[in-house]
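Beneath this line is the structure, given in structure tokens, with notes to follow.
The values are calculated or read from the model by the stated rules, or taken from the named source; none is laboratory data. No experiment lies behind these values; they were computed from the predicted model shown. Virtual Cβ from ideal backbone geometry, glycine too; neighbours counted across all protein chains shown. In case anyone asks, the SASA skips ligands and DNA or RNA and just uses the protein heavy atoms, side chains included. Shrake-Rupley method; radii C 1.70, N 1.55, O 1.52, S 1.80 Å.
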Amino acid sequence: YEKGDKKTMRGYEGIFIVKPEAEKEELNRLSGLVQEVIAKNGGQITKVDLWGRRLLGHRIKKNMEGQYIYACFDLEPSKAGKLQQSIRLQEEILKAMITQKGPDPASPAGSSPVSATEKGGKDGRPE
């Protein structure tokens with residue numbers, strides 16, 4: 001296969017949580033760094049958003065808040081782990097999570113929703 005071949009690439013989403021005290025310039029630098037690391041690993045970026053400051057569900061490295069960077073990209077599956085590891089080495093990034101994108105929930109492939117009344121009783125159980 002050729003590098004960047006669409007057939008071997010998969011869609012991924014990444015959320016990168018940055019220290020809450022990071023200034024806008026620092027967030028822009030880290031966003032650029034994330035994009036650069038994805039590109040260096042043969043990935044193609046489709047979307048990058050700065051979500052801003054949010055409360056964390058639990059404490060991460062003594063922080064209860066973080067600033068989020070969200071990225072969608074295509075990448076060869078064999079390079080996802082290396083990408084995550086490279087980004088985690090940045091001191092300002094509290095957490096890096098990369099997941100493979102699933103099918104689009106707005107367009108389920110070959111399935112149609114069935115209401116509870118179509119299944120049988122009002123609560124979905126057969127009568």
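Just to check your reading of the model, which residue among GLU26, GLU76, GLU91, GLU21 is in contact (Cβ under 8 Å) with a residue 40 or more places away in the chain and open to solvent by 40 Å² or more (accessible area, probe 1.4 Å)? Full working, then the answer.
Numbers: GLU76 fails: open to solvent by 40 Å² or more (accessible area, probe 1.4 Å); GLU91 fails: in contact (Cβ under 8 Å) with a residue 40 or more places away in the chain; GLU21 fails: in contact (Cβ under 8 Å) with a residue 40 or more places away in the chain.
Of the residues listed, the single one that is in contact (Cβ under 8 Å) with a residue 40 or more places away in the chain and open to solvent by 40 Å² or more (accessible area, probe 1.4 Å) is GLU26.
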Quiz item: ILE17 is checked against (1) modelled with pLDDT of 90 or more; (2) in contact with a helix residue (DSSP H, G or I) (Cβ under 7 Å, 6 or more places away or on another chain) and fails just one. What number does that condition carry?
Solution: (2)
Practice problem: Identify all residues within the range 46-73 that are surrounded by 16 or more Cβ atoms within 10 Å (Cβ to Cβ) and within 14 Å of GLY11 (Cα to Cα); write none if there are none. | Solution: VAL48, ALA71, PHE73
